[in-house]
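The values are calculated or read from the model by the stated rules, or taken from the named source; none is laboratory data. Please read these numbers as outputs of a predicted model, since none were measured by experiment. Here the Cβ is made from the backbone with ideal geometry for all residues, glycine too, and neighbour counts use every protein chain on show. These area figures cover heavy atoms from the full protein model, side chains too; ligands, DNA and RNA do not enter into them. Shrake-Rupley method; radii C 1.70, N 1.55, O 1.52, S 1.80 Å.
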Amino acid sequence: MKVGGVENPVFEPPIPGLSSQRQAAPSAAGPDVVSAEEGPCGWGRFVPKALQLCNNAEGYLAAYSLLAIFQGIVVNGLINISISTIEKRYELNSSLTGLISSSYDIAFCILSLFVSFFGESGHKPRWLAFSAFMLGLGSLTFSLPHFTSGKYHYGTKIEDTCQIPGTSSANFTCSTSTRSSLSSYLYVFILGQLLLGIGGTPLYTLGTAFIDDSVPKNKSSIYIGIGYAMSLMGPAIGYILGGQLLNIYIDIQIPESAKMDRDDPRWLGAWWIAFLACFFAMWLLVIPFSCFPKHLPGTAKIQAEKISETHNDGSEALVETKNVGKSFRDFPMTLLILLKNPVLMSLIIASASEALVATGFATFLPKFIENQFGKTPSFSATLGGLVLIPAAALGQIISGILVSKCKMDCKCVIKFTIGTCSVALLLNTMFLFAKCGNEPFAGVSETYNGTGTLHNLTAPCNANCKCLRAMYYPVCGRDEVQYFSPCFAGCASQLFNLEKTYHNCSCIGKPKVEIGSEDFLYEAVPGKCPPKCGLLPLFLATFFFAVVFTFMAVTPTTVAILRCVPDKQRTFALGVQSVFLRLLGTIPGPILFGAAIDNSCTLWDINECQTTGACWVYDNESMAYQLMGISAACKLITIIFVVIAVWLYKPPPASAALSEKSSGMVSTVHT
């Protein structure tokens, strides 16, 4: 597919005398109305000269990017990293915290269509001011339980070593106790997420459409790409900031009676601090958005020079003749027009398929790295963020620049998307090569020195240790075998020197390396055994480029959606896309990926009450193949629907005439 060096006449300046013939519905409100609504930056009559320096597309993009960054910090960063802490602090199970996570998308889906419909003809910057206000309020609400739930009661520590027969490390009963009132804070967290969803709705519908309104058509892809790339910086900052704050004790000052450090299972971090900081920052952003005019200076001229590329199915003429979209009574007809646009719906389904893969990997990439390559959860999360976020941002910026510099029309933009998705599909085969086998694990993948059975953590060497399955604290023995915990390794004692070590371990065999036993000053050390698989660099490099090409399709798809619908329906089209993106992509994505990962589990957490909890150990090969299968299937669906969009797309007669002009064959222009 050749895109470089192509001069598309759609983006050429209109020739005097032909502009009235070529321009098809240049503005939803008309150039005269738009020109009258262009104004200075300020509040009423208070229009300081200093503010006028920001009264342009660059100034708006800066404010938009800041809001997108803070929205990403809270919604996709802080909440994700705080979920496990919130579970422990407020005694919630994973299904309930999953409901908290889904509440944002539920609010977004419900409101997206209505906000995009009514906001199309409204004051978009003021809608963004409302967005900043609600995002700040949602962030504040989400942090409130910390201030009303009292001090954290950390309980007593459970020993993780083999206990002497006749003693007990914990009194464990299966009786149903009275439900704690802390779980009632679930509704406060859901309310906070709903408010965040309300605030996020205008950001990626009206905010994006305002960028497209205010810049020339051949530059909008760059601005949209930069804005979307900045939104990806939010989760990265959120993970880093939230991770650092979790090293601070939840109540700031550790009680003197509590003898614990960050490695103690009872430790909870100060998850709430960053939410308060973001609350203040987002409320400050209300100020710049409230001072922007309804249209930036020069918008009328820019819109008058734009040429319609609406899919030629008669929808644009219908919208213009019936003036569809002026009142709420037009809502069903407006929605029906978009749903009947085959090019738009093909692009939306393709983008939803890509979103399913993107959100699935964004959620579970750290877990994949942790289990495939034997890294710690914190290191895996950091490594995943360092690869995923820069690659996604780079892909969106590169595609925005290419679409702009090559002056692609709507059809070329869609073809460009086919190319990027095809390359991403080829890179998806990395799972066939960059995967690791399963490391030795006593009671899971091998027996205890020939005793015991597979898939049973209890063996004769630890039968009298009274070990708890709920206490997963892996240790690596000197025999290079991993054990579920020091207790299941039969370790009766521990020492604290430079690091913790375990001794007198009845289940751990002799070292596999034939050297003197005096060279081993320990029998087991905390943590998983160092992996023998050295394919992590290959995986990260290949995955980086796969993410780059995957996200190179995001900006062009958004641009194509804005081009293939009537001008008056551009914002509403983004609203429809947002709904389908969540219903078909971001909501089922983590669920589908999670089910695939669970399906590869070889050792579940089953406590004394026979209640199944989290998975402790996975089959690495099965996990890699299943994730590759889901990703490849989604990529194929994306390519198929983008090809359908190219095949069905019909440019309007004016665009066709302009194409003929480039070869000197233009004699008349039809409108």
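Considering region 428-457, the residues that are assigned to a loop (DSSP other than H, G, I, E, B) and charged (D, E, K, R) include one that is nearest to N504 (Cα to Cα), namely E439. Within region 461-471, one or more residues are over 30 Å from N218 (Cβ atoms) and among the small types (G, A, S). Name every residue in region 124-144 that is touching a Leu at 6+ places or on another chain (Cβ under 6 Å) and either small (G, A, S) or free of Cβ contacts under 8 Å to residues at least 24 places away in the same chain (or both), in order of residue number. Listed by number, the residues that qualify are S131, A132, G138, S143. In region 77-133, of all residues being among the β-branched types (V, I, T) and open to solvent by 70 Å² or more (accessible area, probe 1.4 Å), the one that is farthest from L191 (Cα to Cα) corresponds to I110.
Per the listing Y473, Y448, the residue uniquely buried (at least 21 other Cβ atoms within 10 Å of the Cβ), hydroxyl-bearing (S, T, Y), at negative phi and modelled with pLDDT under 85 is Y448. Scanning region 38-51 for residues that are open to solvent by 60 Å² or more (accessible area, probe 1.4 Å) and part of a helix (DSSP H, G or I) gives K49, A50.
Take the conditions (1) of a type outside the set (A, V, I, L, M); (2) closer than 23 Å to P652 by Cβ; (3) in contact with a Phe, Trp or Tyr (Cβ under 7 Å, 6 or more places away or on another chain); (4) at pLDDT below 85; P556 misses just one of them, which is (4).
Looking across S422, S353, one residue alone is open to solvent by 30 Å² or more (accessible area, probe 1.4 Å) and of a type in the set (S, T, Y). It is S422.
Under the condition of being of a type in the set (V, I, T) and open to solvent by less than 30 Å² (accessible area, probe 1.4 Å), which residue from region 360-398 is farthest from C412 (Cα to Cα)? Steps first, please.
So in region 360-398, the residues of a type in the set (V, I, T) come out as 363, 369, 376, 382, 387, 389, 397-398.
Okay, now just the ones that are also open to solvent by less than 30 Å² (accessible area, probe 1.4 Å), so 369, 387, 389.
On the way: I369: 37, V387: 29, I389: 27 Å.
Among those that are of a type in the set (V, I, T) and open to solvent by less than 30 Å² (accessible area, probe 1.4 Å), it is I369.
Check K259, K294, K306 and return the single one that is modelled with pLDDT under 80, open to solvent by 10 Å² or more (accessible area, probe 1.4 Å) and in contact with a helix residue (DSSP H, G or I) (Cβ under 6 Å, 6 or more places away or on another chain).
Of K259, K294, K306, the one residue that is modelled with pLDDT under 80, open to solvent by 10 Å² or more (accessible area, probe 1.4 Å) and in contact with a helix residue (DSSP H, G or I) (Cβ under 6 Å, 6 or more places away or on another chain) is K306.
Scanning region 359-384 for residues that are within 11 Å of the chain's Cα centre (by Cα) and of a type outside the set (A, V, I, L, M, F, W, C) returns T359, G360, T363. When Y64 is tested against (1) more than 24 Å from L203 (Cβ to Cβ); (2) in contact (Cβ under 8 Å) with a residue 24 or more places away in the chain; (3) hydroxyl-bearing (S, T, Y), just one condition goes unmet, and that condition is (1).
Among the residues of region 425-445, the one identified as open to solvent by 60 Å² or more (accessible area, probe 1.4 Å) and in contact with a helix residue (DSSP H, G or I) (Cβ under 6 Å, 6 or more places away or on another chain) is N438.
Would you mind stating whether N464 is open to solvent by 50 Å² or more (accessible area, probe 1.4 Å) and within 20 Å of S622 (Cα to Cα)? Walk me through how you get there before you give the answer.
Working: open to solvent by 50 Å² or more (accessible area, probe 1.4 Å): yes; within 20 Å of S622 (Cα to Cα): no.
For N464, the condition - open to solvent by 50 Å² or more (accessible area, probe 1.4 Å) and within 20 Å of S622 (Cα to Cα) - is not met.
Which is within 21 Å of G227 (Cβ to Cβ) and in contact with a Gly (Cβ under 7 Å, 6 or more places away or on another chain), of S131, S82? From the options S131, S82, the qualifying one is S131.
Of all residues in region 551-578, none that is more than 16 Å from A352 (Cβ to Cβ) and open to solvent by less than 10 Å² (accessible area, probe 1.4 Å) has its Cβ atom under 7 Å from the Cβ atom of a residue that is of a type in the set (D, E) and modelled with pLDDT of 85 or more, 6 or more apart or on another chain. Checking C609, C615 one by one, the residue that is farther than 20 Å from S116 by Cα, part of a loop (DSSP other than H, G, I, E, B) and at pLDDT below 80 is C609 and no other.
Results for (1) part of a loop (DSSP other than H, G, I, E, B); (2) modelled with pLDDT of 75 or more; (3) out of contact with any Phe, Trp or Tyr (no Cβ under 9 Å at 6 or more places or on another chain); (4) of a type in the set (G, A, S), shown as yes or no for each residue.
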{"site": "G384", "(1), (2), (3), (4)": "no, yes, no, yes"}
{"site": "P390", "(1), (2), (3), (4)": "no, yes, no, no"}
{"site": "T417", "(1), (2), (3), (4)": "no, yes, yes, no"}
{"site": "A459", "(1), (2), (3), (4)": "yes, yes, no, yes"}
{"site": "C465", "(1), (2), (3), (4)": "yes, yes, no, no"}
{"site": "L468", "(1), (2), (3), (4)": "yes, yes, no, no"}
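At pLDDT 80 or above, in a helix (DSSP H, G or I) and under 20 Å from Q396 (Cβ atoms): is that true of L581 in this structure? Yes, satisfied.
Any chance region 483-498 includes a residue that's modelled with pLDDT under 80, open to solvent by 50 Å² or more (accessible area, probe 1.4 Å) and outside any loop (DSSP other than H, G, I, E, B)?
Within region 483-498, one or more residues are modelled with pLDDT under 80, open to solvent by 50 Å² or more (accessible area, probe 1.4 Å) and outside any loop (DSSP other than H, G, I, E, B).
Within region 316-361, the set of residues being modelled with pLDDT under 85 and of a type in the set (D, E) comprises E316, E320, D330. Starting from residues that are outside any helix (DSSP H, G or I) and open to solvent by less than 10 Å² (accessible area, probe 1.4 Å), keep the ones in region 179-226 and report whichever is farthest from S131 (Cα to Cα). Here the answer is V215. Whether any residue in region 395-406 is part of a helix (DSSP H, G or I) and under 16 Å from the mean Cα position of the chain (by Cα) is what I want to check. There is at least one residue in region 395-406 that is part of a helix (DSSP H, G or I) and under 16 Å from the mean Cα position of the chain (by Cα).
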